[in-house]
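Report on the following structure.
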Amino acid sequence: MHFTKRGFLGAAAAATLALAPLPALAQEWEPSRPIDFVIMAGPGGGADQIARFIQSVVEKNDMTSRPLVPNNKGGGSGAEALLHMSQVRDTDHTLLVTLNSFFTTPLRQEGLGIDVETFTPIAMMGVDPFVLWVHKDQGITSFDQFVEEVKAADGEWVMGGTGKGQEDSIVIAYMAGAYGLKIKYIPYDGGGAVAKDLAGRQVMATVNNPAEAKGFYDSGDFVPLLAFSDERMESYPDVPTLKEMGHDFSYYNQRAIVGPPGMSEEAASYYRDLFTRVYESEEWQSYLVSESLSPLWMDADGQRAYWQKQVENHRALLAQIDS
Amino acid sequence: MEVLGFLADGILMALEPLNLMLILIGVSVGLFIGAMPGLGSVNGVAILLPVTFLVPPGSAIIFLAAIYYGAMYGGAISSVTLGIPGASTAVATTFDGRPLALQGRASLALVTAAIASFIGGSVANVLFTLFAPVLATLALSFGPPEIFALMLLAFATFVGLGGDDIAKTVFSICFGLVLASVGYDQISGAPRLVLLDISGFLHGIGFLVLAIGVYGIGEMLWTIEQTRGEVTTTTPRMTVSGMLADTKEALARGWKGTTIGSFLGFFVGVLPAAGATPGSLMSYGVAKMVSRAPETYGRGNPDGVAAPEAANNSASTGAMLPMLTLGIPGSPTTAILLGGMVIWGLVPGPRLFTTETEFVWGLIGSFYVSNLAALIINLAFIPLFVWMLRMPFTILAPMIFVLSITGGYAATRDMHDIWLIVIFGLGAFFLRKFDYPLAPAVLAIVLGPIAEPTLRQSLLLSSGDPSIFFTRPIAGPITVIALILIFLPALKYLRRRKPAAAE
């Protein structure tokens with residue numbers, strides 16, 4: 001398949017060569033090798049699914065001359081991926097698919113010496129909200145009832161999540177602080193494992209991205225109680241937000257594409273253009289809807305400012321957890 | 001029965017020309033990907049995922065499942081002929097497959113592997129068809145304490161078996177556990193045992209790195225030293241009658257391992273988080289434990305080839321079960337398949353079985369067809385693989401070395417792991433000279449990363465009270481059996497000592 005495709009591209013390139021004026025050709029940067037598409041999480045999780053979805057959109061619509069090759073480096077909450085990005089030699093053929101550990105991991109592990117603000121912004125593909133879930137057999141139907149039950153459990157209320165300092169633990173810590181809840185928190189190695197143990201009632205509640213719990217919500221096993229988004233979510237119009245309850249807190253997982261520090265301006269603009277097309281594709285737009293992601297498109301400067309703000313926010317949130 | 005009607009439809013769907021062609025291509029591709037050291041079904045499925053847009057989702061998953069299936073068959077090939085595990089799922093196959101090959105019985109080992117794979121796959125398919133919903137519920141009732149108890153049982157089978165020196169076995173397990181704990185700690189997120197601050201240790205020591213080092217490089221050095229390079233791997237039989245004789249012998253001498261692997265592998269595969277690699281290692285351990293002649297294991301016992309091979313096929317079908325019924329991956333490969341389902345516009349989860357009947361049963365039907373196709377294709381290629389062994393070892397050894405190195409690199413694309421493979425290879429050679437069993441270390445590096453977090457999660461659940469492993473209805477009995485097995489050799493030893501002291 002690759003041979004024919006490459007052959008076809010070769011022919012197309014030759015045709016362009018014959019027709020186009022030469023100076024225009026020299027300006028266009030194009031990848032000359034397969035692109036290392038680093039994912040800062042293991043296979044099967046939310047970030048991995050998104051990366052493979054993007055890869056498939058690119059492949060299906062033939063958007064690049066060289067393939068994106070997914071490369072899972074999930075070790076140490078993404079520290080492995082961040083180190084890889086900061087040490088990579090071929091900065092123009094390496095991209096990172098991020099989640100919020102992009103902000104939290106360098107803060108929690110200062111020894112890594114990673115400053116994410118030196119990374120090259122490429123595209124913000126959307127943000128993923130968080131929802132509080134319980135199993136239907138728990139018999140809880142509202143957030144008020146949830147608060148009561150947790151208090152009644154007196155420290156024996158068990159919640160599962162993806163680990164201390166991870167996105168869901170930040171949300172849980174804030175919620176627990178705001179309502180004076182005592183929660184026993186069990187770390188797992190991914191959102192899928194967390195959802196499975198809620199389905200099997202090994203844990204009593206979880207905070208997950210909608211995509212990870214959707215199958216069980218559709219079957220009626222999971223009940224959403226509270227959303228941590230700015231406004232009520234379209235797919236869950238009856239679920240109140242924490243903001244409505246009078247707490248000024250919302251939290252999203254960023255689904256962004258980032259280049260390593262030192263990526264050339266030509267390459268960065270090539271990739272920005274590429275991912276703009278992915279973003280505008282029909283496939284991505286319907287993915288945003290089906291997986292309940294919120295759009296949050298911004299340009300490179302916007303992303304830099306957003307990063308700065310997020311780093312500050314997370315510094316404060318993590319300080320709260322540790323105290 | 002309603003189920004049989006669905007199954008008949010599914011098999012007919014799998015036999016449609018397009019699907020049948022995809023199955024044949026998928027199985028052949030899988031066979032070769034599985035046989036290449038370092039590349040396993042995960043790589044095959046991940047690489048070919050984008051290609052599946054050209055066909056409807058039902059056919060796409062059939063294609064990917066066929067690759068998965070073929071890879072389970074293929075893994076045995078390099079394990080037996082070269083002594084390098086072709087995939088992580090085939091490591092246990094080297095334990096007895098390689099000695100058989102060195103005795104000139106490579107064709108017997110390969111035929112045993114193929115037949116055990118077929119039977120394992122068939123048993124799993126039938127169990128899957130009949131009991132999928134019940135088993136899904138069972139899988140959910142396995143929380144952290146149950147999984148830890150099961151891991152304990154797996155270690156117990158390796159300690160409790162006779163034959164090997166127990167102190168050395170325990171040492172080997174502990175060594176493997178230490179290697180398994182290198183890198184980031186999943187619970188606290190802190191880095192551990194990062195030797196000399198080398199960043200390559202941060203992602204931990206991969207299981208394949210140890211396995212390729214020990215079985216690829218270590219085995220090669222061992223063979224060279226034993227034979228001074230003058231190996232004549234005899235002339236293997238390759239005639240039809242020869243293969244028929246091998247088939248008979250495989251059935252006669254490998255049925256026990258096949259039975260154990262088929263059922264145990266399926267069960268372990270169904271549990272999310274486990275997958276085919278632990279399933280095959282545990283089946284090997286159990287087969288050796290219940291055997292009347294455990295000392296023949298590791299020296300070319302066909303049961304030792306049959307057990308892991310039957311298990312890895314039945315586990316790979318088993319791993320599909322939580323994926324289809326719950327939307328939860330049972331192994332790394334099924335995790336990628338799940339991603340594929342999202343891309344094809346399906347919603348994985350408990351409702352998939354009812355809303356996408358055709359898709360689900362088409363896939364199940366394809367298991368039956370793929371299994372048969374894989375058996376036939378595999379048997380047809382065996383003479384070719386055996387023929388490779390006619391090469392003098394002086395030519396094979398450099399090939400093994402190169403395949404080990406490239407295979408190790410392909411898995412992680414990190415030079416750091418190559419150095420580790422070489423170091424482990426040398427280490428394994430010397431440990432072997434002192435008669436240390438190395439299989440337990442390999443087992444420990446696979447099961448350690450599952451056992452450790454579940455142990456800690458369980459203790460977090462119980463606020464540090466270890467009785468959680470005894471009081472829960474499923475975990476309790478498993479823990480008790482595991483403890484008995486662990487202490488059995490000590491009891492035996494004491495009983496043997498007493499009469500001796502009385503004399």
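For a quick check of your reading of the model, give me the residue pairs whose first member lies in region B:38-64 and is within 11 Å of chain A (Cβ to nearest Cβ) and of a type in the set (A, V, I, L, M, F, W, C), whose second is surrounded by fewer than 20 Cβ atoms within 10 Å (Cβ to Cβ) and in a helix (DSSP H, G or I), with beta-carbon atoms closer than 6 Å and at least 6 apart or on different chains. Note: pairs meeting the criteria are B:Phe53/A:Lys60. If you go through region B:369-384 one residue at a time, do you hit one that is touching a Pro at 6+ places or on another chain (Cβ under 8 Å), at pLDDT below 85, more than 22 Å from A:Leu198 (Cβ to Cβ) and not charged (D, E, K, R)? No, there is no match, as no residue in region B:369-384 is touching a Pro at 6+ places or on another chain (Cβ under 8 Å), at pLDDT below 85, more than 22 Å from A:Leu198 (Cβ to Cβ) and not charged (D, E, K, R).
Here B:Asp435 fulfils each of the conditions (1) modelled with pLDDT under 80; (2) not in a helix (DSSP H, G or I) apart from (1). When region A:287-307 is filtered for residues that are more than 12 Å from A:Ala256 (Cβ to Cβ), in a helix (DSSP H, G or I) and under 17 Å from the mean Cα position of the chain (by Cα), the ones remaining, listed by number, are A:Tyr287, A:Leu288, A:Val289, A:Ser290.
In summary, B:Ala374 fulfils each of the numbered conditions (1) away from chain A (no Cβ under 14 Å); (2) among the small types (Gly, Ala, Ser); (3) at positive phi with the single exception of condition (3). Comparison of B:Ile77, B:Ile84 shows that the only residue that is among the aliphatic types (A, V, I, L, M), within 27 Å of B:Tyr409 (Cβ to Cβ) and part of a loop (DSSP other than H, G, I, E, B) is B:Ile84. Taking B:Ala124, is it crowded, with 22+ Cβ neighbours inside 10 Å, within 22 Å of B:Ala380 (Cβ to Cβ) and out of contact with any strand residue (DSSP E or B) (no Cβ under 9 Å at 6 or more places or on another chain)? So B:Ala124 fails the test. Annotation: B:Leu82 fulfils all but one of (1) more than 18 Å from B:Glu309 (Cβ to Cβ); (2) in contact with a helix residue (DSSP H, G or I) (Cβ under 6 Å, 6 or more places away or on another chain); (3) hydrophobic (A, V, I, L, M, F, W, C); the unmet one is (1). In summary, B:Gly298 fulfils each of the numbered conditions (1) over 25 Å from B:Arg105 (Cβ atoms); (2) more than 12 Å from chain A (Cβ to nearest Cβ) with the single exception of condition (1). Here B:Ser463 qualifies as at positive phi and within 11 Å of chain A (Cβ to nearest Cβ). In region A:55-111, of all residues being among the basic types (Lys, Arg) and more than 11 Å from chain B (Cβ to nearest Cβ), the one that is surrounded by the fewest Cβ atoms within 10 Å (Cβ to Cβ) corresponds to A:Arg89.
Scanning region A:171-201 for residues that are of a type in the set (A, V, I, L, M, F, W, C) and within 13 Å of another protein chain (Cβ to nearest Cβ), we see that the one that is farthest from the chain's Cα centre (by Cα) is A:Ile183.
When restricted to residues that are at the interface with another protein chain (Cβ under 7 Å from one of its Cβ atoms) and more than 22 Å from B:Val268 (Cβ to Cβ), region B:324-341 contains 1.
Residues that are touching a residue at least 40 places away in the same chain (Cβ under 8 Å) and touching a strand residue (DSSP E or B) at 6+ places or on another chain (Cβ under 6 Å) do occur in region A:141-148. Which of the residues that make up region A:150-170 are basic (Lys, Arg) and within 11 Å of another protein chain (Cβ to nearest Cβ)? Once the filter is applied, which keeps residues that are basic (Lys, Arg) and within 11 Å of another protein chain (Cβ to nearest Cβ), region A:150-170 yields only A:Lys164.
The requirement of being within 18 Å of the chain's Cα centre (by Cα), under 30 Å from A:Ala178 (Cα atoms) and of a type in the set (Phe, Trp, Tyr) is satisfied by A:Phe102. The numbered conditions (1) at pLDDT 90 or above; (2) not assigned by TED's automatic domain parsing to the domain that holds A:Ile183 are all true for A:Leu107 except (1).
Hey, can you tell me all the residues within region B:342-356 that are touching a Gly at 6+ places or on another chain (Cβ under 8 Å) and more than 7 Å from chain A (Cβ to nearest Cβ)? Of everything in region B:342-356, just one residue is touching a Gly at 6+ places or on another chain (Cβ under 8 Å) and more than 7 Å from chain A (Cβ to nearest Cβ), namely B:Leu352.
The values are calculated or read from the model by the stated rules, or taken from the named source; none is laboratory data. Everything quoted here is computed from the prediction, not taken from an experiment. Every residue, glycine as well, gets a Cβ built from its backbone with ideal geometry; the counts of neighbours run over all protein chains shown.
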